[in-house]
Amino acid sequence: MRRRYSLLAIVVALGLRSLVVDADPQARIAFSSDRDGNKEIYVMGADGKNPRKLTNNGFSNTDPSWSPDGKHIAFVSEREGNFAGKRLQIYVMDADGKNQRKLSRNPFAEWDPTWSPDGKHITFTSNVDFHKHIYVMDATNGKNLRRIGQHERVGWHPSWSPDGERIAFTSWSNLEAPGLGNWEIYVMDADGSNQQRLTQNPAHESDPSWSPDGKRIAFVSTGDWRNYEISVMDADGKNQRRLTRNPARDWHPSWSPDGKHIAFASNREGNWAIYVMNADGARQVRRRTKDGSDNTDPAWFDPTFAVEIAPAAVSPTGKKFTMWGWLKQVDR
């Protein structure tokens, strides 16, 4: 039997939820931290409490990205390599850290994993020819690897739109002489066609992150050429505005599943830490990690926002997906 709720009850419940979203015990933020020596993947409550380590090896583990149903986390690790040394590769594990397995098996560095909204694919950045390009593979086994985007267009920091139809990414504005250009945010259809430039500024813009409703894109900008700041714009590139104003570096924007908050990493108090601000830039001093280590790469998930999807779009691990925010590294 389907439950029925009165309109008043729904309004009251939503109003109360907006007041306690940061304290929701179900909401979690995955992140990377070197608090135990090397970079490992951790998960904590959205309020910063109860941090728990998911990976535990002697190599760097970064870039966590939740699967849409919250059952798996893709991440980057350099735990394996060849005679030429260790190299970054894409891995996936259960949300509790179990069943860690390697998805990408290539002789070059790969990072920035991002799940498609239906949970079937993972897009990522690859250094296949010593230039950054965007690829996509099956999320279950890493098969059906293919490059997306124009052959000559380099790209990194892929971010899938919530409807699965578009991918935002970072690229050089001047492909003929990249050293003379700057980073800009572009968007393309999921098959790589119809590429459009969203930012056209003299400074660097990078690290796009779609809002859960698909109407806005958070990104990193060096608008004043002094430091990295978090900015936001409409999905068509209009109404660009800066959210943070701090002499330190702010980057790695990740939306909360309800679209009301943005998590980000900042070194404004010395070490790198995870902070949360309102999506309009207000109340941005709410620090979530308070140890003396470096904490970066926040990725937000909340099962409260899981919704039913059509059977044809069922993910390999479930019948639900969640609108979520994520972040990829810029300090490569």
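The values are calculated or read from the model by the stated rules, or taken from the named source; none is laboratory data. Owing to the predicted nature of the structure, the values given are computational and were not obtained by experimental measurement. Heads up, the Cβs are rebuilt from the backbone with ideal geometry, glycines too, and the neighbour counts pull from every protein chain shown. We work out accessible area using only protein heavy atoms, side chains counted, and drop any ligands, DNA or RNA first. Shrake-Rupley method; radii C 1.70, N 1.55, O 1.52, S 1.80 Å.
Among the chymotrypsin sites (Phe, Trp or Tyr not before Pro) in the range 219-293, those located in a DSSP loop and surrounded by at most 10 other Cβ atoms within 10 Å of their own Cβ are W225. Straightening the chain between N144 and T304 buys 54.4 nm, computed as 0.36 nm per residue apart minus the Cα-Cα spacing.
How big is D for the range 185-278, in µm² s⁻¹ as a whole number, if Stokes-Einstein is applied with the Kirkwood radius of its Cα pairs at 10 °C and 1.306 mPa s?
On the way: Rh = 13.7 Å.
So the translational diffusion coefficient is about 116 µm²/s.
Measuring max minus min along each principal axis, the C-alpha atoms of the range 240-283 give extents of 30, 20, 16 Å (largest first). The simple spin-label model puts a point 7 Å past each Cα toward its Cβ; for K102 and D129 those points are separated by 2.5 nm.
Using a 1.4 angstrom probe on the protein heavy atoms only, line up E78, E269, E184 by accessible area, largest first.
Values: E78 60, E269 110, E184 0 Å².
Descending order: E269, E78, E184.
So what is the orientation-averaged projected area of the range 93-152, using the convex hull of its C-alpha atoms, in nm²?
On the way: hull surface 18.3 nm².
So the mean shadow area of the Cα hull is 4.6 nm².
With Cα atoms as the point set, the range 98-246 shows a radius of gyration and Dmax of 15.4, 45 Å.
What FRET efficiency comes out for the pair E80/N239, r = Cβ-Cβ distance, R0 = 30 Å, nearest 0.05? Before the final figure, lay out each step's value.
Details: r = 44 Å, r/R0 = 1.47.
With R0 = 30 Å, the Cβ-Cβ based efficiency is 0.10.
Length, then width, then depth: along the principal axes, the Cα atoms of the range 120-167 run 27, 23, 15 Å.
Based on Cα atoms of the range 61-138, Rg over Rh with Rh as the Kirkwood radius reads 0.96.
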